[in-house]
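A.B. asks: This structure is in structure tokens; I'll ask about it shortly.
The values are calculated or read from the model by the stated rules, or taken from the named source; none is laboratory data. Keep in mind the model is a prediction, meaning the values are calculated, not measured. Here the Cβ positions follow ideal geometry from the backbone for every residue, glycine too, while neighbour counts run over all protein chains shown.
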Amino acid sequence: MNAGATIRLLTPDVVNKIAAGEIIERPASVLKELLENAIDAGATQIDIAIAAGGLKLIGVADNGSGMDRDNALLSIERHATSKIRTAEDVERIATLGFRGEAMASIAACSRFHLLTRPPEALTGTELIVSGGHLQDVRDAGGPAGTAIEVRDLFFNLPARRKFMRTAPTEMSHIQQTFLVHALAHPGIGFRLTVDARPMYALPAGASLEDRLRELFGPELISALRPVAGRSAALAVSGYAGLPSAARADRNEQYVFINHRPATAPIIAHAIREGYHTLLPAGRFPVLFLFLELDAERVDVNVHPTKREVRFREPQAIRDGLITALREALAAPAQLITGAGPLTTAVPGPTTPELRIDDLPSARIFHYPALPAMPPVTHANPAMAAPALKAAATPDASASIGDGSATLSAASAPPAGPSRAPWAWCRVVGQIGGLYVILETEDGYAIMDPHAAHERVLFDRYLKAIGDGAVASQGLLTPETVEMPPRDALRVRQSLVLLRRMGFGIAEFGGNSFVVDALPAFLSGTTARAWLPDIARQLEESGARGGGARGQEDAVAQAACKAAVRSRDHLTVTEIERIVRDLAATEMPYTCPHGRPTLIYTSLRELAQKFGRI
């Protein structure tokens, strides 16, 4: 404290301006607070008007419960609210707003106009406030609900106004705020007008699927899978994006907690775990998640802008979310439109007239079919004959690539629902001596056989470990592996895990280990080829190394070592077999390290690129 300075109580005007600096960061913050009030008021329609990126005008009109004269005057007083009464109410907040600071803060730093009327009242109330000072209050006519206009934001705080960005930048933040609330409440109708031009007109009574389609379009919708999970602590719903739709940032991750846009560190951790082995580093899934839990189990009174929450039982929330995500990603392919799961049947193609109007959301356009390509001879009839199922038993003697184990008929996966993005497909050929082109019923896919085979082996091997049925194959000559001290320590600490994975391994003195058996599918490799890599993976797993996460990491490394090599020569039979086995895996879109196995292109995309749509 300055020497000789006298302590004084701040005036309400100064207090409100300080609060405005904490709560109102930019025009989008004003819109957020006004939208939350409208939603809490039970509105079914909210109309928004923006001018000059919100610096000139932010208008929000709703058809909610409205306010009488006394409540309208109290609404612009600091710490005046209708949403809580006692300290105990703070422990079970069910509304979006509750502090009673926002309206006073907004009115303190703008030219503020409010018109409100309850549905049962004959007349409404109009308030005019400038820089926190009430200029006028009078009776006025108007529709039921509340309409607020915030003009010239920060006109009386020039230092704050200088920190505002350009109108387009502020408008981008406003659009994001609008989008988040429109997603959180699809049952409410929203209209957004920017500089007198309509931008969005979202109808009331929409489903989440409808709202997603209106805001993001059909292309993203096709890459989403429904999420539905329930535990004693949590109910999870929404949609999770497939790894093929991953982004380079988290900008398309939307998490709502009791319909409040918010997050918590434990949620970010659960998302990472839910997509473990599905995405590489630096890639992030698209998510639209709704978490519902009792108000007493979540603390929203953490951050002035309510961006972050705390959970009473964070571990239960984490485990419930991880389970829901993994079940969604492992479920058979099912489009958001409600189409049934795709089958594994892979009949040969036909060449009728190609109709672009059969594709979703395309304009009607017809053109004659191209001449049929010369027929491809298929060694595996499952790829060509619709009468045969894709899970037909392959030739027991077929092997996939040099250096990999023979996949016998006994180890082939059972028939089951397909999770691949096709109802049927055929192998067209290879390019670059590596990549496989597959024709599907509505487009084509380019497959990386190495990544695809990794996924097949990973799923098969992980299931065998879980069932306690890993087949081991003894080595004719036990192999001795000498390791650096750090790697040897980690392997020594993980001997039980490695034996459960089917490795016959024991200490041989010092930093040496003797290996006398390998999992059957690794029988074509040597211990020296995989043990150092698995040791390093276990080291990176840290405390998780002995648990399920470390086990998955180690299995991923083993699958990588056993999979076909990038330059292995593959026959048509071997390629078809990988395709069929990939379709039966829980996540056919990526390898265990998160690299894509397939890059899919629809006929609609091709038609757009060729200017046919």
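A.B. asks: Does Val491 satisfy the condition of being surrounded by 19 or more Cβ atoms within 10 Å (Cβ to Cβ) and more than 22 Å from Met587 (Cα to Cα)?
C.D. replies: Numbers: surrounded by 19 or more Cβ atoms within 10 Å (Cβ to Cβ): yes; more than 22 Å from Met587 (Cα to Cα): yes.
Answer is yes for this residue.
A.B. asks: Quick one: which of Glu149, Glu126, Glu120 is of a type in the set (Asp, Glu) and surrounded by 20 or more Cβ atoms within 10 Å (Cβ to Cβ)?
C.D. replies: Being of a type in the set (Asp, Glu) and surrounded by 20 or more Cβ atoms within 10 Å (Cβ to Cβ) holds for just one of Glu149, Glu126, Glu120, which is Glu126.
A.B. asks: In region 283-308, what residues are modelled with pLDDT under 80 and part of a loop (DSSP other than H, G, I, E, B)?
C.D. replies: Looking only at region 283-308, we keep the residues that are modelled with pLDDT under 80, and these are 295, 299-308.
Val300, Asn301, Val302, His303, Pro304, Thr305, Lys306, Arg307, listed by residue number.
Yes or no, residue by residue, for (1) in a helix (DSSP H, G or I); (2) within 34 Å of the chain's Cα centre (by Cα); (3) modelled with pLDDT under 95:
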| position | (1), (2), (3) |
| --- | --- |
| Val60 | no, yes, no |
| Leu73 | yes, no, yes |
| Thr81 | no, no, yes |
| Val90 | yes, yes, yes |
| Thr95 | no, yes, yes |
| Met103 | yes, yes, yes |
| Ala107 | yes, no, yes |
| Thr116 | no, no, no |
| Glu126 | no, no, no |
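A.B. asks: Only one residue in Pro186, Pro158, Pro168, Pro198 is more than 20 Å from Leu114 (Cβ to Cβ), surrounded by 19 or more Cβ atoms within 10 Å (Cβ to Cβ) and not polar (S, T, N, Q), so which one is that? Quick ask: steps written out before the conclusion?
C.D. replies: Details: Pro158 fails: surrounded by 19 or more Cβ atoms within 10 Å (Cβ to Cβ); Pro168 fails: surrounded by 19 or more Cβ atoms within 10 Å (Cβ to Cβ); Pro198 fails: surrounded by 19 or more Cβ atoms within 10 Å (Cβ to Cβ).
Only one candidate passes the filter, namely Pro186.
A.B. asks: Next question, about the same structure. Quick check on my filter: what residues within region 55-70 are out of contact with any helix residue (DSSP H, G or I) (no Cβ under 7 Å at 6 or more places or on another chain) and over 16 Å from Leu122 (Cα atoms)?
C.D. replies: Within region 55-70, Lys56, Leu57, Gly59, Ala61 meet the criteria.
A.B. asks: Of Phe256, Phe290, Phe216, which residue is crowded, with 21+ Cβ neighbours inside 10 Å and not assigned by TED's automatic domain parsing to the domain that holds Arg604?
C.D. replies: Phe256
A.B. asks: Show me the strands (runs of 3 or more DSSP E) entirely contained within region 208-277 in which 1 or more residues are more than 18 Å from Leu329 (Cα to Cα).
C.D. replies: 253-257
A.B. asks: Could you say which residue among Ala415, Ala392, Ala410 is at pLDDT below 65, part of a helix (DSSP H, G or I) and among the aliphatic types (A, V, I, L, M)?
C.D. replies: Ala410
A.B. asks: Please go through region 590-610 and give me each residue that is among the small types (Gly, Ala, Ser), out of contact with any Asp or Glu (no Cβ under 9 Å at 6 or more places or on another chain) and either in a helix (DSSP H, G or I) or farther than 13 Å from Leu242 by Cα (or both), ordered by number.
C.D. replies: Once the filter is applied, which keeps residues that are among the small types (Gly, Ala, Ser), out of contact with any Asp or Glu (no Cβ under 9 Å at 6 or more places or on another chain) and either in a helix (DSSP H, G or I) or farther than 13 Å from Leu242 by Cα (or both), region 590-610 yields only Ala607.
A.B. asks: Looking at region 498-514, which of the residues that are crowded, with 17+ Cβ neighbours inside 10 Å and more than 20 Å from Gly468 (Cα to Cα) is modelled with the highest pLDDT?
C.D. replies: For region 498-514, the residue satisfying everything is Phe513.
A.B. asks: If we keep just the residues of region 226-244 that are of a type in the set (A, V, I, L, M, F, W, C) and buried (at least 17 other Cβ atoms within 10 Å of the Cβ), which is nearest to Cys591 (Cα to Cα)?
C.D. replies: Selected residue: Leu242.
A.B. asks: Considering each residue of region 166-195, count those that are free of Cβ contacts under 8 Å to residues at least 24 places away in the same chain and aliphatic (A, V, I, L, M), and give that number.
C.D. replies: 0
A.B. asks: Of all residues being hydrophobic (A, V, I, L, M, F, W, C) and touching a strand residue (DSSP E or B) at 6+ places or on another chain (Cβ under 6 Å) in region 211-233, which is farthest from Ala324 (Cα to Cα)? Just the residue, please.
C.D. replies: Across region 211-233, the extreme among qualifying residues is Ala223.
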